[in-house]
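Reviewing the structure listed below.
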Amino acid sequence: MGWSRSWSRSLGFGFAVLVALASAHAAPPACAPEIVGSWSGKVLDGGQIKDLSTKFSTQSGELTGSYHVEDSDGGYDGTLTDFSRLGPCAGSFLWHDRNGSGVVRVEFLPDYDRFDGLWGLGEPLMGHIFTGHRYRPVPIS
């Protein structure tokens, strides 16, 4: 009987861990339809403010993103994964690019025309901006 009770506790603990892991990556926020698409902004990179192009998507069922940092050598690309909701239209992602990986937190403003964010290796750092405004191509006449 003792092994049965112990095994049952282990199974219960394992189930609790699985539930916690499954909920760690939140579903897209309710504002996701408003934020999916292309954005242009700025990022602090190598001590300089550089142009940043970001694209958010829910195609995978989760909110994810990709970005391009413009640089003198043509720039580089990165990805935003593992979204965790922090507010009604705010959350954190794991960023991954040629410089490594870390955390970026973003908050979309109520009219969904801009987001403000900070990034860092383990935690976002003050002054490490990651921003965007809605990309709207200029019409050609």
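For the reader, a short list of remarks on this structure follows.
- Candidate set: region 58-81, residues that are under 8 Å from the mean Cα position of the chain (by Cα) and either of a type in the set (Asp, Glu) or surrounded by 20 or more Cβ atoms within 10 Å (Cβ to Cβ) (or both); chosen: the one nearest to Arg134 (Cα to Cα): Gly65
- The selection criterion, being touching a residue at least 12 places away in the same chain (Cβ under 8 Å), under 18 Å from Ala30 (Cβ atoms), surrounded by fewer than 17 Cβ atoms within 10 Å (Cβ to Cβ) and small (Gly, Ala, Ser), holds for Ser84.
- Pro124 being under 13 Å from the mean Cα position of the chain (by Cα), more than 16 Å from Lys50 (Cα to Cα) and assigned to a loop (DSSP other than H, G, I, E, B): yes
- Taking the criterion of being basic (Lys, Arg) and more than 15 Å from Gly37 (Cβ to Cβ), the only residue of region 99-125 that qualifies is Arg105.
- Residues of region 42-77 satisfying the condition of being assigned to a loop (DSSP other than H, G, I, E, B) and not charged (D, E, K, R): Gly46, Gly47, Thr58, Gln59, Ser60, Gly61, Leu63, Ser72, Gly74, Gly75
- Among the candidates Leu121, Leu52, residue that is surrounded by fewer than 16 Cβ atoms within 10 Å (Cβ to Cβ) and out of contact with any helix residue (DSSP H, G or I) (no Cβ under 7 Å at 6 or more places or on another chain): Leu121
- Summed over region 101-121, residues that are over 18 Å from Lys42 (Cβ atoms), within 13 Å of the chain's Cα centre (by Cα) and not small (Gly, Ala, Ser) total 1.
- Test: Trp3 is out of contact with any helix residue (DSSP H, G or I) (no Cβ under 6 Å at 6 or more places or on another chain) and either surrounded by 10 or more Cβ atoms within 10 Å (Cβ to Cβ) or modelled with pLDDT of 90 or more (or both): no
- Answer from Phe83, Phe93, Phe108, Phe115 - the residue that is in contact with a helix residue (DSSP H, G or I) (Cβ under 6 Å, 6 or more places away or on another chain) and either closer than 15 Å to Leu52 by Cα or not small (Gly, Ala, Ser) (or both): Phe108
The values are calculated or read from the model by the stated rules, or taken from the named source; none is laboratory data. All of these numbers come straight from a predicted model, not from anything done at the bench. For neighbour counting, all protein chains shown are included, and Cβ atoms are generated from backbone atoms with ideal geometry for every residue, glycine included.
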